[in-house]
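Novice: Structure provided below as structure tokens; questions to follow.
The values are calculated or read from the model by the stated rules, or taken from the named source; none is laboratory data. Given the structure is predicted, the values throughout are model-derived calculations rather than measurements. No Cβ is skipped: glycine too gets one built from the backbone with ideal geometry, and neighbour counts run over all protein chains shown. Remember, those area values only see protein heavy atoms, side chains included, never the ligands or the DNA or RNA. Shrake-Rupley method; radii C 1.70, N 1.55, O 1.52, S 1.80 Å.
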Amino acid sequence: MATLSARATDDALAKLAGDPACARALQWIDKSAAWSTDQQIRLTEIPAPEFAEARRGEAFKELLAASGFQVQTDKTGNVIGERPGSDAKSVILLAAHLDTVFPAGTDVRVTRDANRLRAPGIADNGVGLAALAGLAHAFAESRMQTTKTIVLAGDVGEEGEGNLRGMRALIEAYGSRLAAVIAVDGPSTDHITTQGIASRRFEASITGPGGHSWSDFGSPNPITALARGIVQFSGTSVPNDPRSSYNFGTVEGGTSVNSIPARAAVKIDLRSEDEGELSRLESSLRDAMQSGLKAELSATKSPSDSLQLSIRSLGTRPAGKLPDDSPLLATIRDVDRYLGNRSRLERSSTDANIPLSMGIPAVALGGGGRGGGSHTLDEWYDPAGRELGLKRLFLTVVSLAGVER
Ligand SMILES: [Zn+2]
């Protein structure tokens with residue numbers, strides 16, 4: 001029975017792929033690799049730190065417009081391209097984030113060694129943006145009329161402290177018209193991300209009187225207090241199930257080697273598959289930072305008000321999960337079987353967290369090719385096989401959107 005129905009969906013996909021409009025798009029995809037790689041290099045070489053995505057957004061917007069999409073930039077900074085379907089009330093949204101984790105001034109020029117392209121952001125998310133530009137081009141080649149409206153967006157605020165504000169704005173704008181949302185993030189086609197990991201991010205800062213390293217020796221030191229808190233929290237047990245994690249990502253503070261600092265701060269990322277576990281980690285973080293401060297005060301025998309701790313939220317990502325029997329998941333699995341692509345279900349923290357947390361069918365998929373070293377200066381991307389990623393996205397979108405004949 002399973003074999004029979006698998007054969008039936010294979011037949012349906014073969015029929016869809018053989019449709020003249022679809023075939024034109026797939027033929028273009030077959031020879032699109034060099035074009036896609038050129039666009040990816042061009043977009044990656046335009047810096048896009050958090051909260052400064054506008055220039056890269058403009059270049060991405062031109063690519064969508066060149067393929068006949070109706071483009072606009074919303075007030076959040078999202079670049080949005082629409083290709084209207086015959087039913088304007090139903091929308092398939094694909095989004096690739098424009099921003100990177102790399103600060104202004106990072107050298108983002110792309111270098112090649114053998115088949116590999118190297119640059120910060122080349123894979124995360126240069127490949128996602130190139131895939132959406134390729135999809136727009138493929139739809140232009142097809143000249144097909146879809147039933148549902150297709151929206152391709154380069155969205156802001158996925159990384160760091162962006163707090164998914166771009167995706168939040170897209171979901172608010174399209175609301176109940178959304179039939180499915182696909183976040184295109186990173187290269188790999190070996191997974192379907194159906195579960196959004198919850199995360200909470202904080203900055204813990206400690207301020208104090210400061211002073212001279214010699215004459216004020218014995219005054220409480222915010223860096224030492226923070227370090228005591230970090231060490232204490234590092235002893236917290238973190239379960240494997242539900243899988244959870246924490247990271248102290250940046251520390252800063254002080255002005256010179258011979259001054260007792262007046263301020264020190266650390267940024268922390270907490271993640272878990274389970275919101276309850278995440279709350280437990282948060283309260284243990286708060287306790288640890290407080291007791292680090294107390295330990296510093298008692299070591300220096302200072303009045304208890306001479307150091308102040310403040311913990312500020314930098315963002316919250318809600319958890320969510322696509323049901324196993326979701327038609328969106330079934331469609332992607334059919335496409336994978338048709339293309340001979342093996343994939344597994346995955347959990348991650350992406351733009352898809354927002355629609356998933358609201359019960360809107362959503363996944364995150366890769367754009368094609370291979371990559372590694374994400375969020376490091378050694379990030380790389382190998383475009384071999386990127387056409388598979390683009391076909392996978394195209395056939396998924398066409399299956400979901402429906403073709404008018
Ligand atoms: Zn990413």
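Novice: Across the range 112-122, in residue order, what do the Karplus-derived ³J(HN,Hα) couplings come to in whole Hz, using 6.51 cos²θ - 1.76 cosθ + 1.60 with θ = phi - 60° and x for Gly and Pro?
Specialist: 10, 10, 6, 8, 8, 9, 10, 4, x, x, 4
Novice: Would you kindly derive the ³J(HN,Hα) couplings of the range 342-356 from the backbone phi angles with the Karplus curve 6.51 cos²θ - 1.76 cosθ + 1.60 (θ = phi - 60°), listing them in order in whole Hz, with x for Gly and Pro?
Specialist: Those phi angles translate into 8, 9, 10, 7, 9, 10, 6, 10, 9, 4, 5, 3, 5, x, 4 Hz.
Novice: Pulled fully out, how much extra length does the chain show between SER5 and SER237, if you take 0.36 nm times their separation in residues and subtract their Cα-Cα distance? Kindly include the intermediate steps, with their values, before the conclusion.
Specialist: Working: separation 232, 0.36 × 232 = 83.52 nm, distance 4.67 nm.
The span from SER5 to SER237 would gain 78.9 nm if fully extended.
Novice: Let me ask something else about it. Per DSSP H run of at least 4 residues, take -39500 (n - 2.57); add these up for the chain, divide by its residues and hand me the 222 nm value, nearest 500 deg cm²/dmol.
Specialist: For the chain, the value works out to -12000 deg cm²/dmol.
Novice: If R₀ is 51 angstrom, what is the calculated FRET efficiency for the pair GLN308 and ASP107, using the beta carbon separation as r and rounding to 0.05?
Specialist: 0.85
Novice: Extending each Cα 7 Å along its Cβ direction at ALA52 and GLN145, get the distance between those two points in nm, one decimal.
Specialist: Going from the ALA52 label point to the GLN145 one covers 4.7 nm.
Novice: In 5 Å bins starting at zero, report the fraction of Cα pairs in the range 238-353 per bin as a rounded %.
Specialist: 2, 8, 13, 16, 13, 11, 10, 8, 6, 4, 3, 3, 2, 1, 0
Novice: Report the extension gain between ALA330 and ASP87 in nm, rounded to one decimal, defined as 0.36 nm multiplied by the number of residues separating them, less their alpha carbon distance. Mind showing how you got there, number by number?
Specialist: Working: separation 243, 0.36 × 243 = 87.48 nm, distance 2.26 nm.
Contour length minus Cα-Cα distance gives 85.2 nm.
Novice: Which whole-Hz couplings ³J(HN,Hα) result when phi for each residue of the range 81-97 is put into the Karplus expression 6.51 cos²θ - 1.76 cosθ + 1.60, θ = phi - 60°, listed in order with x for Gly and Pro?
Specialist: Along the range 81-97, the couplings run x, 10, 10, x, x, 6, 10, 5, 7, 10, 10, 9, 9, 10, 10, 10, 6 Hz.
Novice: So what's the angle, to the nearest 10 degrees on a 0 to 90 scale, between helix 2-18 and the longest Cα principal axis of the chain?
Specialist: So the inclination is approximately 80 degrees.
Novice: Mind listing the long-range amide H neighbours of LEU314? Cut-off is under 5 Å, sequence gap 5 or more, other chains count too, H placed in the peptide plane at 1.01 Å from N.
Specialist: ARG201, PHE202, GLU203
Novice: Per the Kirkwood treatment, what hydrodynamic radius in Å, one decimal, follows for the range 82-240 from the mean inverse distance over all distinct Cα pairs?
Specialist: 20.1 Å
Novice: For a quick check: with amide H placed at 1.01 Å from N, whose amide H comes under 5 Å from LEU345's, ignoring anything fewer than 5 positions away on the same chain?
Specialist: Amide H neighbours of LEU345, under 5 Å, 5+ apart: ILE192.
Novice: So, by mean Cβ neighbours within 10 angstrom, what's the order for 89-98, 249-258, 391-400, 218-227 with the highest one leading? Mind showing how you got there, number by number?
Specialist: Numbers: 89-98: 24.9, 249-258: 11.4, 391-400: 23.3, 218-227: 21.4.
Put in order of decreasing packing, that is 89-98, 391-400, 218-227, 249-258.
Novice: Taking only Cα atoms and a 10 Å spring cutoff, compute GNM fluctuations for the chain and point out the largest among SER310, SER199, SER272.
Specialist: In the Gaussian network model the winner is SER310.
Novice: Say each of ASP30 and THR73 gets a label point 7 Å from the Cα, pointing the same way as Cα to Cβ; how far apart are those two points in nm?
Specialist: 3.9 nm
Novice: In the neighborhood of HIS375, defined by Cβ-to-Cβ distances under 11 Å, what is the net charge if each Lys or Arg adds +1 and each Asp or Glu adds -1?
Specialist: Once all neighbours under 11 Å are counted, the net charge is -4.
Novice: For the chain, which whole-number percentage of the solvent-accessible area (1.4 Å probe, protein heavy atoms only) is attributable to carbon and sulfur atoms?
Specialist: 51 percent
Novice: Find how much the distance from SER279 to LEU388 grows on full extension, using 0.36 nm per residue of separation minus their present alpha carbon separation; answer in nm with one decimal.
Specialist: 35.2 nm
Novice: Could you give the spread of the C-alpha atoms of the range 298-402 along their three principal axes, from largest to smallest, in whole angstroms?
Specialist: That works out to 71, 36, 20 Å along the principal axes.
Novice: Using only Cα atoms and rounding to the nearest 10 degrees, what angle (0 to 90) does helix 165-174 make with the longest principal axis of the chain?
Specialist: It works out to around 40 degrees.
Novice: For GLY85, enumerate residues with amide H under 5 Å from its amide H, sequence gap 5+ or separate chain, H modeled in the peptide plane.
Specialist: THR149, ILE150
Novice: Oh, and also: Less than 15 Å from a label point 7 Å out along the Cα-to-Cβ axis of VAL251: which backbone N atoms in the range 266-308 qualify, by residue?
Specialist: 266-269, 289, 292-293, 296
Novice: Can you tell me the orientation of helix 327-339 relative to the chain, as the angle in degrees between its alpha-carbon axis and the longest Cα principal axis, to the nearest 10?
Specialist: On a 0 to 90 degree scale, this one is about 70.
Novice: Let me ask something else. What number do you get for the range 246-310 when its Cα radius of gyration is normalised by 2.2 N^0.38 Å, N = residues?
Specialist: In units of the 2.2 N^0.38 Å rule of thumb, it is 1.35.
Novice: Please compute P(r) over all alpha-carbon pairs of the range 116-201, binned at 5 Å starting from zero, and give each bin as a whole-number percent.
Specialist: With 5 Å bins starting at 0, P(r) equals 3, 10, 18, 22, 23, 15, 6, 3, 1.
Novice: Output needed: percent of Cα pairs per 10 Å distance bin for the range 16-142, bins running from 0 to the one holding the longest distance.
Specialist: Answer for the range 16-142: a P(r) of 12, 40, 33, 13, 2 percent.
Novice: Within the range 180-200, which residues have the backbone N less than 17 Å from the label spot 7 Å out from GLU161 along Cα→beta-carbon, could you tell me?
Specialist: Inside the label zone: 200.
Novice: Where does the chain land on the Kirkwood hydrodynamic radius, alpha-carbon pairs, in angstrom?
Specialist: On the way: mean 1/r = 0.0438 Å⁻¹.
Hydrodynamic radius (Kirkwood, Cα pairs) of the chain is 22.8 Å.
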